[in-house]
1. Working from the alpha-carbon coordinates of region 133-180, get Rg over Rh, Rh being the Kirkwood radius.
2. For region 114-223, take the alpha-carbon Rg, divide it by the Kirkwood Rh, and send me Rg/Rh.
3. How high is the relative contact order of the chain, in percent, counting Cα pairs under 8 Å that sit 6 or more residues apart?
4. From zero up to wherever the largest Cα-Cα distance of region 30-94 sits, split into 5 Å bins and tell me the percent of pairs in each.
5. Report, ordered by chain and residue number, the lysines lying within cross-link reach of Lys165, taken as a straight Cα distance under 20 Å and ignoring same-chain residues fewer than 8 apart.
6. Given bins 10 angstrom wide, list per bin the percent of all Cα-Cα distances in region 66-130, short to long.
7. Set the Förster radius R0 to 41 Å, insert the Cβ-Cβ distance between Val281 and Ala217 as r into 1/(1 + (r/R0)^6), and round the FRET efficiency to 0.05.
8. Show which lysines lie in cross-link reach of Lys278 when reach means a straight Cα distance below 24 angstrom and same-chain residues fewer than eight apart are skipped.
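The values are calculated or read from the model by the stated rules, or taken from the named source; none is laboratory data. Just so we're clear, the structure is a prediction, and the values are computed from it rather than from any experiment. Cβ: placed from backbone, ideal geometry, glycine included. Neighbour counts: every protein chain shown. Calculation scope for accessible area: heavy atoms of the full protein, side chains included, ligands and nucleic acids excluded. Shrake-Rupley method; radii C 1.70, N 1.55, O 1.52, S 1.80 Å.
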Amino acid sequence: MSELFSPYRIGALELANRIIVSPMCQYSAVDGCAGDWHAVHLGGLAIGGAALLFVEATAVLAEGRITPGCLGLYDDANEEALARVLRMIRQCSPIKMGIQLAHAGRKGSSAAPWDGGGLLAAAAAGGWQPVAPSALAHAQHEAPPHALTRGELDDVRAAFVASAKRAVRLGFEAIELHAAHGYLLHQFLSPVSNRRTDDYGGTLENRMRFPREVFSAVRAVLPDHIPLGVRVSATDWLEDSGEDSWTIEQTVTFGQALQNDGCAFLDVSSGGISPQQKIQVGPGYQVRFARELKEATGLPIVAVGMITDALQAEEIIGSGSADLVALARAMLYDPRWAWHAAARLGGVVSGPRQYWRSLPSGSGRIFGDVRIAQR
Ligand SMILES: Cc1cc2nc3c(=O)[nH]c(=O)nc-3n(C[C@H](O)[C@H](O)[C@H](O)COP(=O)(O)O)c2cc1C
């Protein structure tokens, strides 16, 4: 019996298996609005047999986008555009849909990766002045961001809440706050980017304050059945630099605090706060952080990062290191990753009836439990 293909619950959310499609920016929105690309991209992933599909980092304010092409959920046009994509997915797949709400902070106003990824000068090529906890640039050559005032923090918090309400209206079944990869909430957590001298900087408690406030404000407006989780960077990978940085010990404290605040799951990633980071990359390189957070909190834990092989994923779940695995690049490379994993592990996975004839003989019961949404 495959553990990877066993059902799981996050609160009231029932998941058919332990496989999540990780959020992945597409840099292909117009004024924050999803378009045909998103329908094709998400639609293809939605029929691949994973239990939960996360829409990419979706900005709660226009200036919270990473690039001018990043998705947003800050106005009615954004909401309508995403509603269209979701309608298509719902007609074709029973997959549960999640959204990652985000603010890029000082990493906003960047060029798309295929255009070099560097910071766009304000107002040129659609750029703007990024904001951050402190007026410290991400990379040395970049212009410093605007340090958010107390009043502006209220606005950002309110924007997270407003976007969460839109996500509820859109019928998303799970919401994740992006507090990883060097974006705004992570910028508050890490002493590398947070040098504030008010209640939002300095001590660990103060650095956690704004992310926790955002979490609680969003949680307060969500119906009970929608789980709210957080993606964390477990470490800045700067321990050897001599610089004061964000570490796994602090992440554990943050995870425990979020647990008290009603967090439904932690999605455990790492890095992104500084170009000086020294990441020890390898297969499953972040799983040990997932395990540590699982042991410390007992919360549902998502492991992510270079999980590419079915047996590897099975071992992560079977050994209790994490409850769920999220895959990004492997899903782009092979959107039917879950079908192939099911074939290898003897699991059962959903697939659309239009594709049943593709089943290679002897592949087991890949489509044994097909559930197709009725039109
Ligand atoms: C194209 C692409 C876009 C990504 N966009 C996001 C994103 O929107 N939010 C996020 O938290 N991580 C994002 N990531 C990181 C992935 O979600 C994932 O954590 C990372 O790629 C490691 O997993 P993998 O080894 O399975 O790719 C992105 C990764 C890729 C490859």
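1. Numbers: Rg = 14.8 Å, Rh = 13.1 Å.
So for region 133-180, dividing Rg by the Kirkwood Rh gives 1.13.
2. Numbers: Rg = 15.2 Å, Rh = 15.2 Å.
Here Rg/Rh amounts to 1.00.
3. So the answer I get is 17 percent.
4. Answer for region 30-94: a P(r) of 4, 19, 28, 22, 16, 9, 2 percent.
5. Lys96
6. 19, 38, 29, 13, 1
7. On the way: r = 35 Å, r/R0 = 0.86.
Efficiency, rounded to the nearest 0.05: 0.70.
8. Within the straight-line limit of under 24 Å, Lys278 reaches these lysines: Lys107.
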